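Input: a single structure, listed below in structure tokens.
The values are calculated or read from the model by the stated rules, or taken from the named source; none is laboratory data. Keep in mind it's a predicted model, so treat the numbers as computed, not measured. Cβ: placed from backbone, ideal geometry, glycine included. Neighbour counts: every protein chain shown. Accessible surface areas use protein heavy atoms only, side chains included; no ligands, DNA or RNA. Shrake-Rupley method; radii C 1.70, N 1.55, O 1.52, S 1.80 Å.
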Amino acid sequence: MINRTDESQALINEEETLPKIKTTRNQPVTSRPRPTELGLTAPNQTAKNYVLDTNVLLHDPAALERFKENHLCIPVDVLSELDKFKSEQTERGANARRVHRRLTEMFSCAQKVTRGVDTAEGGTIRLVIYDPESCPKSSSQLDSFHRIFPDRERVDHRILAATLLLMQHNKSPVVLVTKDINMQLKARAVGIDCQDYLNDKVDAREVSNYEVRRIEVDPMELHRFSSTGELLISPERFAGLATNEYLLLGAGEKQTIPARLHADGRFVKLNIPEVLKIPDGQTLKPLNLGQRFLIDALLNPDISLVTCYGHAGTGKTLVAVAAGLHEMFNRRYNGITVSRPVVAMGDQLGFLPGSLDEKMRPWLQPIHDALDLLMRPNVPLGPKRKQQKPNPGAPPAKKPYELLMEQGILEIEALCYIRGRSIPNRFFVLDEAQQLTPQEAKTVVTRMSRDSKLVLVGDPAQIDNPYVDSRSNGLVYTRNRLKGQPFVAHVALNRGERSELAEAGAQLM
């Protein structure tokens, strides 16, 4: 016997259910994208997959052409980060725009940028998409990663997750390339192979080696060198020396003479005065062998670029400025320019009150101190005669170097305004050059016109710029790339002369 009440209720339930089933059937069925559509699968499994972080492209836009026959992977989150910097009127903004233009050129003929396009070096480049909704649920490694780093909206975490997905879908090795040290630590914590960008890094020995080479000669050769000022020996005896490298020629333990390797293969004696004379100012005498080497390079008209390493207190800045003043007053150059990259290249100095000189004064105070010391008139020590009090309404007396600045002979300027300039017939001193990136160093070097001399001084061990380190900054990069050119010389200062306290602090602290 059928219960009508139950039957009616069953019909009502069925009528309520039918529309739901119909609606479900009419909804579009969304299928999960295939790994190839997300750029997770390489065109072939014979080459490595390199994932580039944003900071690598900002550091060197040419990194897109540095990986030869390998597969280059650019996460789309990297493009989003680059988009934040493209409007900046800085070196970083210029690099971001350069990367965007180059990627547009490379993908111009590709219908699907996630499938990869061939590069001129024999590899491929493709975009990689990290979509959390499309991730395979069976990936225990990715689940573990999300438990360790739950913030999925953080760009660093999305790049790391994309790298993990690449590792799951490719048999060939996957390597994350980043200059962010914290990113490297996170990558290694979750089992990702990670490397620094090494293309512009110099060998660690070139940065840490401050020793002066010594070439052994016989006593007759040393005597001939002392009398004639030059010596020619077989190239096998000085293999490994670079052009214009400074060294010691020795015959025995105590007989040594400093020398420089000329571009034609001869060893020549140093050509330096006993003191550097500044008219109406101080005289500067080299206090050690390294400073003698530096002065010889600074006064040599055939050398257009001088790079100098030295820790705090070695006198690198003071000697460079003194040599520039000495040459300028001897009419070798039309003027001298001194600058420091303490403000990031390209940043506008509009946040401090006053004129450009007043804005730059706190940053360039060490340069003002050096000029004040060198151009200060000689005043005898002891009690001074009573002088007439100055008129309270009169303007303060100007310092000697300030008069030169008013005449345009001496410039102390912001490095951020150097782009686009051409600098002829000037002695240009760039202090703290280790804070430059390689691209910024290239910008400075290419500004020098005929008859100008560029002097880059700094301490590679003191790095404040987060985008470089002791082996990839602009100072060591310039020295490494231009080493051996007949117009380039390098000097390393290893002895402090500021004070015993300063030297002990530099060595022991």
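Each part gets one Cα centre, and for the range 399-476 versus the range 36-110 those centres are 30 Å apart.
Select from A441, P400, A251 the residue farthest towards the positive end of the dipole of the chain; place +1 on Cβ of Lys and Arg, -1 on Cβ of Asp and Glu, and compute about the Cα centre. It is P400. Extension gain, D372 to H262, is 36.0 nm, computed as 0.36 nm per intervening residue step minus the present C-alpha separation.
Rolling a 1.4 Å probe over the protein heavy atoms gives the chain an accessible area of 55 Å² per residue. In this rough spin-label picture, where each label sits 7 Å from Cα along the Cβ direction, the L508-Y210 distance is 1.6 nm. Computed over all pairs of different Cα atoms, the Kirkwood value for the hydrodynamic radius of the chain is 27.6 Å. Answer with one residue from P424, S472, P460: the one whose Cα lies farthest towards the positive end of the charge dipole of the range 412-509, charges on Cβ with Lys, Arg +1 and Asp, Glu -1. Result: P424. With only Cα atoms counted, the range 229-288 has Rg and Dmax values of 14.9, 49 Å. Relative to its Kirkwood radius, the Cα radius of gyration of the range 171-309 gives an Rg/Rh of 1.19. Taking the longest Cα principal axis of the chain as reference, the axis of helix 91-106 is set at about 50 degrees.
Restricting the GluC sites (Glu not before Pro) of the range 35-141 to loop positions (DSSP other than H, G, I, E, B) with no more than 12 neighbouring Cβ atoms within 10 Å leaves E69. Stretched out straight at 0.36 nm per residue, the stretch from R237 to T283 would grow longer than its current Cα-Cα span by 12.7 nm. Stretch E402-V155 to full length: gain in nm at 0.36 nm per residue minus the Cα-Cα span? This chain segment gains 84.0 nm when fully extended. The label-point distance for E65 and Q168, in a model that sets each label 7 Å from Cα toward Cβ, rounds to 3.7 nm.
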